[in-house]
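The values are calculated or read from the model by the stated rules, or taken from the named source; none is laboratory data. Since this is a predicted model, take the numbers as computed values, not measurements. We place every Cβ from the backbone using ideal geometry, glycine too, and count neighbours over all the protein chains shown. These accessible areas exclude ligands, DNA and RNA; they are computed on the full protein's heavy atoms, side chains included. Shrake-Rupley method; radii C 1.70, N 1.55, O 1.52, S 1.80 Å.
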Amino acid sequence: MEPGIKVRLKRTMISGGLEAAAILKGAGLMRDVAGMGVIFTLHHVRPALPHRFAPNAHLEVSPDFLDRTIVRLKQDGYDFIALDALPERVANAHDKPPFVAFTLDDGNRDNLDHALPIFARHDTPFTVFVAQGLSERTHSLWWETLAELLGRLDRLTFDFGAGEEFLPLGKESQRYAAFARFAAFVHDSDESEAIARIDDIARKKGLEPLDIVSASIMDRTELRHLAHHPLASLGAHTVSHRALARLPEAEAAVEMALSADYVADITGRRPMAIAYPYGTAQAVSPREGRLAAELGFSVGVTTRPGTITANANALTLLPRLSLNGHYQKARYAAALASGIPLRLMGRRETA
């Protein structure tokens, strides 16, 4: 089966599951199973861009979708809390309605330009996680570099470790297949080396990876401006945005500590929360949760899907639910918050 067909089939199945969960929730046929609440994760919040090769489309939602989601969750009776307030809420959750905490990873400029006005309109707190290397323009966004690079070429040769390979890129399905191949290369080899090689070939093709970062990510001045808003807070997101579980412990600890120092220098206060890059089971382990606690973080968030329950021992390894760009319906977000989709899938990864 071609990669493109597999992707479309997977999206159809997910949409069907979300639709079923929304129907069950709306009809009262399955009670909410979210526990105390949920943490939502976003990346980009911006109007849809012109048609292009977009392997990262799942990372971007429209301002209108965010607005409709907040309205729907208000109607469903959720409290909206700042992530920093989560430990106290978990400790004193008795007889309180379920909560929602909004988080946004990487520090994209559209968080300031498009997300902030929506959150302000609804008096909704949110946390933006900052990667120092992105904001200081010392590290690239390999997934954005690849999207731009593969979208402008019709062929490419690259050595993934077994000699030069020819990658045809004339069809969209071929570009998606190539993107998946590069992503596996990043995650299965030395990440720094893999990213350096992607950056190198991009530069040879006339594309500067750090220009992409500058065009997308807030710098220190913009982050300070955002942090002054009473609804906004900044959290740590490491320096290099590498998978911490694949680093030696000492190096992982340094990444986390320096990121906290960077946020503290911008805001004047040390962040209480950290988001682990990628956040998957392969990218973050119990070791990182322990390190976060030792470094003074009270909250650490992954991207493993789940809701928040009373197990306070896991506050530095919390799950989050993604507001995915492929499923931009407010009733889907409400269904996710209910915990019903996780129950239907037979998984209830909670913290």
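In this entry, residue 145 is excluded by the filter for residues that are more than 19 Å from residue 240 (Cα to Cα), in contact with a helix residue (DSSP H, G or I) (Cβ under 6 Å, 6 or more places away or on another chain), crowded, with 16+ Cβ neighbours inside 10 Å and polar (S, T, N, Q). Taken over segment 185-199, the criterion of being open to solvent by 40 Å² or more (accessible area, probe 1.4 Å) and small (Gly, Ala, Ser) is satisfied by 192, 196.
Look at residue 239 and say whether it is of a type in the set (Val, Ile, Thr), part of a loop (DSSP other than H, G, I, E, B), in contact with a helix residue (DSSP H, G or I) (Cβ under 6 Å, 6 or more places away or on another chain) and surrounded by 15 or more Cβ atoms within 10 Å (Cβ to Cβ). Before the answer, list the steps.
Working: of a type in the set (Val, Ile, Thr): yes; part of a loop (DSSP other than H, G, I, E, B): yes; in contact with a helix residue (DSSP H, G or I) (Cβ under 6 Å, 6 or more places away or on another chain): yes; surrounded by 15 or more Cβ atoms within 10 Å (Cβ to Cβ): yes.
Yes; evaluated as a whole, the condition is true for this residue.
Residue check: is residue 236 of a type in the set (A, V, I, L, M) and in contact (Cβ under 8 Å) with a residue 24 or more places away in the chain? Walk me through it before giving the result.
On the way: of a type in the set (A, V, I, L, M): yes; in contact (Cβ under 8 Å) with a residue 24 or more places away in the chain: yes.
So residue 236 fits the description; yes.
Taking segment 81-117 as the range and being surrounded by fewer than 21 Cβ atoms within 10 Å (Cβ to Cβ), among the hydrophobic types (A, V, I, L, M, F, W, C) and touching a Gly at 6+ places or on another chain (Cβ under 9 Å) as the test, the residues that pass are 81, 93. Here is the figure for segment 60-95: residues that are in contact (Cβ under 8 Å) with a residue 24 or more places away in the chain and not in a helix (DSSP H, G or I) total 10. In this structure, does residue 315 turn out to be closer than 27 Å to residue 68 by Cβ, of a type outside the set (Phe, Trp, Tyr) and touching a residue at least 60 places away in the same chain (Cβ under 8 Å)? Here the answer is no, as residue 315 does not meet what is asked.
Checking 151, 161, 206 one by one, the residue that is surrounded by fewer than 17 Cβ atoms within 10 Å (Cβ to Cβ), out of contact with any Pro (no Cβ under 8 Å at 6 or more places or on another chain) and either closer than 16 Å to residue 53 by Cα or of a type in the set (A, V, I, L, M) (or both) is 151 and no other.
Taking only pairs six or more apart or across chains, which ones have beta-carbon atoms under 6 Å, a first residue in segment 184-202 that is closer than 17 Å to residue 147 by Cβ and touching a residue at least 24 places away in the same chain (Cβ under 8 Å), and a second residue that is open to solvent by 20 Å² or more (accessible area, probe 1.4 Å) and not hydroxyl-bearing (Ser, Thr, Tyr)? Here the result reads 185/160; 194/185, each pair linking segment 184-202 to a residue that is open to solvent by 20 Å² or more (accessible area, probe 1.4 Å) and not hydroxyl-bearing (Ser, Thr, Tyr).
Quick one: count up the residues across segment 242-265 that are crowded, with 20+ Cβ neighbours inside 10 Å and in contact with a Leu (Cβ under 7 Å, 6 or more places away or on another chain).
Within segment 242-265, the first condition is being crowded, with 20+ Cβ neighbours inside 10 Å, and the residues that meet it are 242-244, 252, 255-256, 259-260, 262-263.
If we keep only those that are in contact with a Leu (Cβ under 7 Å, 6 or more places away or on another chain) as well, we get 252, 255-256, 260, 263.
Residues that pass the stated criteria total 5.
Enumerate the helices (runs of 4 or more DSSP H) found wholly within segment 248-345, keeping only those where 1 or more residues are over 30 Å from residue 54 (Cβ atoms). Steps first, answer last, please.
Details: elements: 249-267, 286-294, 330-338, 340-344.
Filter on segment 248-345 gives 249-267, 286-294, 340-344.
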